[in-house]
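> I'd like to ask some things about the structure below.
Every number here is computed from the coordinates shown, using simple stated rules; none is lab data. All of these numbers come straight from a predicted model, not from anything done at the bench. Note that each Cβ is placed from the backbone with ideal geometry, even for glycine, and that neighbours are counted across all protein chains shown.
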Amino acid sequence: MRSVTVIIVNYRAAAYILPTLERLETVRQADGLTLDVVIVDNASGDGSVAMLKEAVADKESWVSLIEAERNTGFAGGNNEGLRAVYAREEQPDAVFFLNPDTLLAENCAQKLTEALFAEDKVGIVGARIENEDGSERASAFVFPSLMGELTTNAPFASKLGFQSSYRRASQDGEPYQVAWVSGAAFLVKRSALEDVPFMDDRFFLYFEEIDFQRAITKAGWKTLHHPGARCMHHAGVSTGIKAGRAAAKTLPAYWYESWRHYFVSNHGRLYAAFAAVGHLMGVGAMRLVDGLRGRPQSGGIALGTFAKECFVGSLMKPAPQRNNP
C-alpha cells in the first residue's frame, strides 16, 4: 500500500480547506492508499488558525497544523511542510502539493499515485485542473523561453505555428509526458525529492513550481500530466488574480521579481534580458492590436515596470533574498 503526505499552504483561505479535508478523508478510506495531511498556515492573521484548529481537532491522527511566524510565500510555506515530513522516522512514498482552494474528484489521488509508480523514472504527475463549471484550465505546459516570451504574448503567433511558453494543448486518455504541470495539484515521488529536497524560497509567489519541476527534470526525472485525474480549483483565492481576469488586475511587485529570478537563475543575465525584450515586444504588439480593435488595456503587465524590473533588473539587480533561510 502506497503512502502519500499532502502539503497544503494556507493564506487566508481556511474556509476552502474544510471541504478539501472532507474529500481527503474519503480518500483515506479507499483501498490502496495511506494518506496524511500537513497544513502550513502562512501567518494569515485573519482567524484561519482558529478555524483550522477546530476543523482538525478530530483528525489529529492524520492531519497536522503548522503555524508559520510570518508569510514566506508559496515556496517557503511548502518548504516548512517538507521539513516536517523529512523529520519523520518513516517517510511517505510521495508528497502531494495541493492548493488550499482545490477539491479532488473521485479517485484523483489514486490515479496520480498509480501513474507515478508505473515507471521508475517518473518523478512528478499533475492533475487535470478544472473550473467550477467543469471546464478545463491550463494544466500542462512547456518551460518558459526567450522565443516563448515573444510568441506567448504576440498576436497571431499561434496561427503561425509558434508554441506558447506556458500552455500545452491537452490530450485525452492516458498520462503523457510534459515539461511541467500546474502547481495547484501535483504529486512528487519521495525519491525524486532526494535530488531536489526543497523549492527555491527566493520566489515569494509565481514561477516557484516551474523552477522546482525544472530542477527535478534536470536531475533525470520525467513529469507526466494525467488528464483522467481531475481536480477543481477556485483560482485566485489567496492572490486575488483569477484566470481570464489578470488583465483587469495589476500584477504585484513580486511577480516581476519572480519572473526575473526564474530567467536569470536558469538561463543567465544576458538571456533573461533578451527574453524581457521579447516579452515587451509581444505585449506591446498585442496592446497595439487591442487598441485598434477598441479593447480595454487596463491592468495586467505594467510595461514600464516590466522594463525596469525585468530588462534592466536582469542585467543589474542581485538575486532576491531568501524568504525562509
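> Counting DSSP beta bridges in the chain, what percent are antiparallel, to the nearest 5? If you can, show how the numbers build up before the last one.
On the way: 18 of 45 bridges.
Antiparallel: roughly 40 percent of the beta bridges in the chain.
> If you don't mind, another one. Between A57 and R70, how many nm apart are label points set 7 Å from Cα along the C-beta direction?
So the two model labels end up 3.3 nm from each other.
> Mind scanning K121/K317; K249/K308; K53/K121; K53/K249 and naming the pairs with a C-alpha gap bigger than 31 Å?
Distance filter (> 31 Å) returns K121/K317; K53/K121; K53/K249.
> Post the alpha-carbon centroid distance, segment 189-221 to segment 50-92, in whole angstrom.
19
> So which DSSP H runs in the chain come out at 30 Å plus along the axis (Cα) with average Kyte-Doolittle of at least -0.5?
Both cut-offs are met by 269-292.
> Nearest 20 debye, what's the magnitude of the dipole of segment 2-233 about its Cα centre given +1 on Lys and Arg Cβ and -1 on Asp and Glu Cβ?
720
> Continuing with the same structure: Considering amide H positions built from the backbone, and no H for Pro or chain starts, which residues 5 or more places from T72, or on another chain, come under 5 Å of its amide H?
Amide H neighbours of T72, under 5 Å, 5+ apart: G77.
> Let me ask something else. Between R83 and R322, what length comes free when the chain is fully extended (0.36 nm per residue of separation minus the Cα-Cα distance, one decimal in nm)?
Roughly 84.4 nm would be gained on extension.
> Could you line up R230, R137 from fewest to most neighbouring Cβ atoms inside 10 Å? Write out the running numbers ahead of the final one.
On the way: R230 21, R137 18.
Ordered by Cβ neighbours within 10 Å, fewest first: R137, R230.
> Further, regarding this structure: Which residues does the label zone of A30 cover in segment 55-96, counting backbone N under 17 Å from a point 7 Å along Cα→Cβ?
Residues 93-96 qualify, since their backbone N sits under 17 Å from the label point.
> Right, next: Please arrange T26, T305, T223 by how many other C-beta atoms lie within 10 Å of their C-beta, fewest to most.
If I rank by nearby Cβ atoms, fewest first, I get T26, T305, T223.
> Hey, what number do you get for the chain at 222 nm if only DSSP H runs of n ≥ 4 count, each worth -39500 (n - 2.57), divided across all residues, to the nearest 500?
Working: 11 runs with 119 residues, N = 325.
Taken over the chain, the calculation gives -11000 deg cm²/dmol.
> So what are the radius of gyration and Dmax for the Cα set of segment 246-316, in Å?
Spelled out, the Cα radius of gyration and Dmax of segment 246-316 are 12.7, 39 Å.
> Continuing with this model, one more query. Amide H neighbours of L251 under 5 Å, counting only residues 5+ apart in sequence or on other chains, H built in-plane at 1.01 Å?
G300, A302
> Just to compare against my own numbers: the Cα pair-distance distribution for the chain, 20 Å bins, whole % per bin, please.
P(r) over the chain, rounded to whole percents: 31, 59, 10, 0.
> Take K121, K249 and order them by how many other Cβ atoms sit within 10 Å, fewest up front.
Details: K121 9, K249 15.
The fewest-first ordering by Cβ neighbours comes to K121, K249.
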